[in-house]
Amino acid sequence: MGDVLHALPAVSALRATLPGCQIGWAIEPQWTALLRANSAAADTPRGPLMPVIDRLHIVPAKRWARRPLAFETLRSIRAVRRELRGQHYDLAIDLQGAIRSAWIGRMAHTPRLVGEQSPREPLARSLFSERVATTGVHVIEQAREVVEQALQKTRGALPDCAPDLPCDPAAEQWVNAWLTERGIRQFVLMNPGAGWGAKCWPIDRYAEVAQQIVAAGRTVVVNAGPKEAPLAETLCRHAGPRTFVMSGSLDALIASTRRAALFIGGDTGPLHLAAALRIPVVGIYGPTDPARNGPWGTRATVLRHPQSRRDHSRRSQPEAGLLTITPATVVAAATSLLAAKAQETR
């Protein structure tokens, strides 16, 4: 999810620069709602339901990896390759920097495949026909540089564009009804889950923050991903009244995030979604570096211990520096951002 959201500003800028070009995007099936509303048909033209791209290519690469030699896998790979080559793209750009994404770029059989000089997975570099030496620190800056050089433009030529996300009428209606049923107007959105344990701030601390936000007269909505419902329910049980768990489709998460007054969470997809939608963010960071993966394009306060080190090991226990962040610090950051937002609306 984060990789798609980090690439989207550069692709939105590409769309603004070349409004008539045909843009396709190869994506894992679970993230398609970030580019095309779930209620949209496969042949939906570009518009509110699919604002940036012209064609979505569903690539179940993770499923392929689980059964690489199965007949169904080989048949699916052939079908995707045939679909990609059938579009006769002039250029492929890999903004993920992984061996898998670079290989999918090669499947399109384009005259040019452009990626970073120093991609996330070094072996991916050998698959690129052109390599861009990026200087930006944040992954969004790096993606922008790759697209600029792929277009053979001078650096800084692309406009600064906010990422365009689909607006699904069905999801908007569902979220409106969900909020109305519970009498919720303004709310703070929390996301206690994260990709792995080392990034997870303890749930009892999230509950303490929620208690203090509710005590100040606000409502807390807790996002629960497919495997995070027990975590979210634990938070709400400890936090008490005026805290609610919302679980639903990715379209519903987009719609609910649009309505949030503030987002609180760690380095995970929903945080980057909030930033993309220009919602103020309190980021609680540990082993990942906010200079590279922090909230981008919105007012944000990132909390991280100065001795925390960048470490993408999938450790199960919270990183030591993460545990030095107190609920009081998070509440103070949230209060400041909410006050700043209220001042803006006056």
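Of all residues in the stretch 282-309, those being free of Cβ contacts under 8 Å to residues at least 24 places away in the same chain and surrounded by 23 or more Cβ atoms within 10 Å (Cβ to Cβ) number 1.
For the stretch 249-269, the criterion of being over 25 Å from Gln186 (Cβ atoms), among the charged types (D, E, K, R) and either in contact with a Leu (Cβ under 6 Å, 6 or more places away or on another chain) or in a helix (DSSP H, G or I) (or both) is met by none of the residues. May I ask you to list the residues in the stretch 48-61 that are out of contact with any Pro (no Cβ under 9 Å at 6 or more places or on another chain) and either modelled with pLDDT under 95 or hydrophobic (A, V, I, L, M, F, W, C) (or both)? Within the stretch 48-61, Ile53, Leu56, Ala61 qualify. Residues that are of a type in the set (S, T, N, Q) and in a helix (DSSP H, G or I) within the stretch 162-204 comprise Gln173, Asn176, Thr180, listed in sequence order.
If the condition is being in contact with a helix residue (DSSP H, G or I) (Cβ under 8 Å, 6 or more places away or on another chain), more than 19 Å from Leu5 (Cα to Cα) and surrounded by fewer than 19 Cβ atoms within 10 Å (Cβ to Cβ), then the stretch 157-175 contributes Ala157, Ala170, Glu172, Trp174.
Mind counting the residues in the stretch 309-331 that are polar (S, T, N, Q) and at pLDDT below 90? Summing the residues that are polar (S, T, N, Q) and at pLDDT below 90 in the stretch 309-331 gives 3.
Taken over the stretch 293-308, the criterion of being part of a loop (DSSP other than H, G, I, E, B) and either modelled with pLDDT of 90 or more or touching an Asp or Glu at 6+ places or on another chain (Cβ under 9 Å) (or both) is satisfied by Gly294, Pro295, Trp296, Gly297, Thr298, Arg299, Arg304, His305, Pro306, Ser308. Selection within the stretch 120-174: residues that are basic (Lys, Arg) and farther than 17 Å from Leu8 by Cα. The member of this set that is farthest from the chain's Cα centre (by Cα) is Lys153.
Scanning the stretch 310-331 for residues that are under 15 Å from Gln211 (Cβ atoms) and exposed (fewer than 15 other Cβ atoms within 10 Å of the Cβ) turns up Thr326, Ala328. Take the residues in the stretch 13-49 that are surrounded by 15 or more Cβ atoms within 10 Å (Cβ to Cβ) and among the small types (Gly, Ala, Ser); name whichever of them is nearest to Tyr89 (Cα to Cα). Checked the stretch 13-49; the qualifying residue nearest to Tyr89 (Cα to Cα) is Gly24. Of all the criteria given as (1) over 23 Å from the mean Cα position of the chain (by Cα); (2) assigned to a helix (DSSP H, G or I); (3) farther than 17 Å from Gly265 by Cα, the one not satisfied by Ala207 is (3).
The values are calculated or read from the model by the stated rules, or taken from the named source; none is laboratory data. Everything numeric in this text was worked out from a predicted model, so none of it was measured. As a convention, Cβ positions derive from the backbone with ideal geometry for all residues, glycine included, and neighbour counts pool all protein chains shown.
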